[in-house]
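Below is one structure, written out as structure tokens; the observations come after it.
Quick note: the coordinates plus some simple rules give every number you see, no bench work behind them. Only a predicted model underlies this, so the values are computations on that prediction, with no experimental measurement involved. Please note: Cβ atoms are built from the backbone with ideal geometry, for glycine as well, and neighbour counts cover all protein chains shown.
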Amino acid sequence: MATDSATGREMAADTATPATATTPLRRVPGWALALVPLTVIVAALVALLTVGGNTLDARTGPAVEDLAVEQTVLRPGRIELTVRGVGPDPVNVQQVFVNDAYVDFTESADAVDRLETQTLVLDYPWQEGSPLLITMLTSSGATFEHEVEVAVATPEADSGFYGLMALLGTYVGIIPVTLGMLFLPLLRRAREQWTRILMAGTVGLLGFLAVDGFLEGTEVAAGSAGVFGGVELLFVGAALAYLSLVALGRWLRDRRERAAKAGSGPFQLAVLVAVGIGLHNFGEGLAIGSAYAIGELALGTFLVVGFALHNTTEGLAIVAPLAHRAPPALWRLALLGLVAGAPAILGAVVGASAYNPEVAVFLIGVGVGAIVQVIVQLVPAMRDQTGRALYPASVAGILTGVAILYATGLLVGG
Amino acid sequence: MRAISRRRLLGGAAVAGVTVPVLPYALPGAHPNPPAAAGVSPGQTGGHSSGRGSQHGGGHEGPTFQAGAVVDHAANGFHPTDILRDFDYGTVTRLPGGRVLREYELFAQDKEIEVAPGVRYPAWTYNGRVPGPTLRATEGDLMRVRFVNGSEHPHTIHFHGFHTAEMDGVPGIGAGTIPAGGETTYEFEAEPFGLHLYHCHVGPLAEHIARGLYGAYICDPKPGRPEADEMVMVMNGFNTNFDAASNQTYAINTIAFHHMNEPIEVARGELLRIYLVNTLEYDPINSFHVHANFFDYYPTGTRLEPRDLTDTVVLGQGERGILELRFKHRGDFMFHAHKTEFAELGWMGMFRVV
């Protein structure tokens, strides 16, 4: 199909050429055609920059200040805020009060222009477990509030902390995914019809993860500054991941076809599933790590067991495409487990260090896009002999996949 | 993160690449934020209070503005320490028959003032200061107050006390609302004796008052009160973000924390009389508390006998009273709103007993 459409495009280009050949412009070299509009654009911008602006009145009304808090670090007796100017005008924080009490503070800059950041270090004896409402008062009297729902000392980023996050990521990522892959021998014995239903179940499962990731992304986006885009970043990330994986898949297939090397197809499908799930688990790690960092998450047996059950199904999804092929080498299976599980470790570390919500939104978007792409890849494997993707058994499989993730998701409190 | 009553423009990140370099040129006046006023020294490294000279507070030691930052009183055109003991007795003449006539000049003026270090507030003032002048007379005097409205907005002066309906300073009666550039003269007899206030009565009323159009009006009893060190404290605040919900700074005589940096000097054993007026808007109550002391309290000052001997009083909006006290010991003694949020948002100060 890819080759067909490529040829189609070439044909369209061919038919277009004779039409332009009749115009006098064809004697002008191509670079000149590019240079002329570029020169005009630059000249127009320079003109606007130097004289054009003066033809407009100053904006009516007061300065439009907007400020976003990107990072909050709590140290004993100190609150460190990283703020970014996100409005068109500079913002000059003059005074700060915390829970209705003015505080002394130092600042790394006098004012922040649009997109600039500065750090405010507040001298305030905050109490563990209490909420904090920080109000920044600017030179114009405007106020910007930042709420810390529960004050907990920000973990020091030392080796012990990273070790804990790595362990956590291993528990909720690598171990359950690998455990799920242990079903491979059973799958290999199942009849082809059952494999198709299993694929349908995987599609349902991934569909659930895609929706879950999308909702998670919009939630994080709502809390971000918005200057670099909020929900847009989710879509940008998703589109980037989807299109990149499509391109990667086609490139792999082209190579394979040239090498005339059949048989690796299912494994590549498994890799794609593992990559998609890995990106999803990165987002899951982010959520766990950031919740832990702000003290909202109690690490315990229940959480670990919940995630293990939840993510075991992901391991099953990875090996499903391998059910009726030659058994892959053990190291390849281990690799799949790592690809799908290890990002949870990275996510936990990034999430627990005070992270940037906009980066998180983008990465969650990447996860969503990857999963959608995997779903598209899996649909052909669901098809029965008549070529239908949706028939009673496959629908039941999809719904079962959704139900399993919904139920196990309840265990970890969403 | 919530910005109150601010508009959002140019939200898209996509345009940032082009608009950022162009904006400063394309929009002259796009930087209306005035440079930090003289006397403000932000960026001073502070931390805890040690080694900061007269600077108070910080961390566990209590609330404070940014270390080293103070308001430029000269630029404001008034000084809270001066307002404390500044009484305007008017131009005094005698009418035929011997009655005292006091003539005052008040004008409304729009003026940007610095209400906290580096924080500008577009105030509406009487005579360029907040609170307005403390008008003072003796009961039975004839008061003649010429009011010129130099503001861009319509205003009035409404006095508490007895007067005719025409002199009430409310819209639609007598001279009614005085337009920008207009003027009128309010005339009434000073009665009853006590501590009163005056303020603008144009709508929206809360905003016209909160912007700074108020002042104290003292009517002394004919026999007078005992000799004392007298001072006026107008408890006020500023709703700098105009959300009409509460205030961002609280103070006596406008400048938050001012008397933490400049304690009020008083003499040990001397009778101290405080004329305390609550003109705070948006917050229903305010209060006053003094450390290591008790005061005789005369609500509204309309009786010569104190109602109470206490160290804390609570006042509603427009409520006022006279406090009389003596300090037994030398040293620094705090006074502040015992509505402690207000105290920590600026309404606190020190007496220095010498």
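For peptide A:85-98, the mean count of partner chain Cβ atoms within 10 Å of a residue's Cβ comes to 6. Using R0 = 22 Å, the C-beta based FRET efficiency linking residue B:110 and residue B:166 works out to 0.20. By the rule of a C-alpha distance below 13 Å, with chain neighbours fewer than 8 residues away ignored, the aspartates and glutamates paired with residue B:111 are B:152. The order of the peptides A:32-42, A:379-389 by mean Cβ neighbours within 10 Å, most packed first, is A:379-389, A:32-42. Largest first, the extents of the alpha carbon coordinates of the range A:67-148 on the three principal axes equal 36, 21, 19 Å. Take each residue of peptide B:239-245, count the partner chain Cβ atoms within 10 Å of its Cβ, and average: the result is 3. So what's the Cα pair-distance distribution over the range B:73-220, bin width 10 Å, in %? Whole-percent P(r) values from 0 Å outward: 12, 41, 34, 11, 1, 0.
Size descriptors for the range B:229-353, from the alpha-carbon set: Rg then Dmax equal 14.1, 45 Å.
Pairs of Cα atoms nearer than 8 Å and 6+ residues apart set the relative contact order; for the range A:100-248 it is 11 percent. Legend: mean number of C-beta atoms from other chains within 10 angstrom of residue C-beta atoms, peptide B:67-76, equals 1.
What does the convex hull of the alpha-carbon atoms of the range A:153-217 project to on average, in nm²? Show your work: numbers first, answer last.
Details: hull surface 26.1 nm².
For the Cα atoms of the range A:153-217, the hull's average projected area reads 6.5 nm².
Note on residue B:328: aspartates and glutamates with a C-alpha under 17 Å away, same-chain residues under 8 apart excluded, are B:229, B:265, B:270, B:296, B:311.
How would you order A:269-277, B:84-92, B:154-162, A:95-103 from highest to lowest mean count of nearby Cβ atoms within 10 Å? Don't jump to the answer; show the numbers that get you there.
Working: A:269-277: 25.9, B:84-92: 15.3, B:154-162: 20.8, A:95-103: 22.6.
Averaged packing, sorted descending, gives the order A:269-277, A:95-103, B:154-162, B:84-92.
With the convex hull constructed from alpha-carbon coordinates only, the range A:79-216 shows a mean projected area of 13.4 nm² over all directions.
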